[in-house]
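K.L.:
Handing you a structure now.
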Amino acid sequence: MILAFGITSVTIYGAVLIIVGVGLRFFVGQRRFSRRGIGGTQQYSSYWSAVITSTMEGLLMIISALAIVSGIFLTIIELFNSRQ
């Protein structure tokens, strides 16, 4: 489907993936910043809280990286396809 100004749905999907990926990175970064104490280390209420939080944040960072790379890939492929 082609929208106005030559923007296709694939380009929109790519932009949405990039925005979601960057948003996830900002979300995780903000949470990490909020947990920092005076000495600069992250503070948790318990060991298991630290393990679960670190694991979930690590997974979110991997997902965000994949979303950004996929969005860039879709956008570049669509730009090459639209030139032909």
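The values are calculated or read from the model by the stated rules, or taken from the named source; none is laboratory data. Only a predicted model underlies this, so the values are computations on that prediction, with no experimental measurement involved. We place every Cβ from the backbone using ideal geometry, glycine too, and count neighbours over all the protein chains shown.
K.L.:
How do the pairs read when you match residues in the range 25-44 that are among the aromatic types (F, W, Y) with residues anywhere that are part of a helix (DSSP H, G or I), using Cβ under 8 Å and keeping only pairs 6 or more apart or on different chains?
P.N.:
F27/L60; Y44/A50; Y44/T53
K.L.:
For the range 45-68, how many residues are under 20 Å from the mean Cα position of the chain (by Cα) and without any contact (Cβ under 8 Å) to a residue 24 or more places away in the chain?
P.N.:
Total meeting the criteria: 8.
K.L.:
Determine, yes or no, whether Y44 is in contact with a helix residue (DSSP H, G or I) (Cβ under 9 Å, 6 or more places away or on another chain) and part of a loop (DSSP other than H, G, I, E, B). Quick ask: steps written out before the conclusion?
P.N.:
Working: in contact with a helix residue (DSSP H, G or I) (Cβ under 9 Å, 6 or more places away or on another chain): yes; part of a loop (DSSP other than H, G, I, E, B): yes.
When the stated conditions are applied, Y44 passes them.
K.L.:
Counting just the residues of the range 3-44 that are hydroxyl-bearing (S, T, Y) and within 18 Å of the chain's Cα centre (by Cα), which one comes out surrounded by the most Cβ atoms within 10 Å (Cβ to Cβ)? Talk me through it step by step, then tell me what you get.
P.N.:
Initial filter on the range 3-44 (hydroxyl-bearing (S, T, Y)): 8-9, 11, 13, 34, 41, 44.
Then keep just the ones that are within 18 Å of the chain's Cα centre (by Cα); that gives 11, 13.
Values: T11: 19, Y13: 15.
Taking the candidates together, the pick is T11.
K.L.:
Still on this structure: Mind checking whether some residue in the range 51-72 is of a type outside the set (A, V, I, L, M, F, W, C), surrounded by fewer than 12 Cβ atoms within 10 Å (Cβ to Cβ) and modelled with pLDDT of 95 or more? Walk me through how you get there before you give the answer.
P.N.:
Within the range 51-72, the first condition is being of a type outside the set (A, V, I, L, M, F, W, C), and the residues that meet it are 53-55, 57-58, 64, 70-71.
From what's left, surrounded by fewer than 12 Cβ atoms within 10 Å (Cβ to Cβ): 55, 58.
So of that shortlist, the ones also modelled with pLDDT of 95 or more come out as 55, 58.
Yes; the residues of the range 51-72 include at least one that is of a type outside the set (A, V, I, L, M, F, W, C), surrounded by fewer than 12 Cβ atoms within 10 Å (Cβ to Cβ) and modelled with pLDDT of 95 or more.
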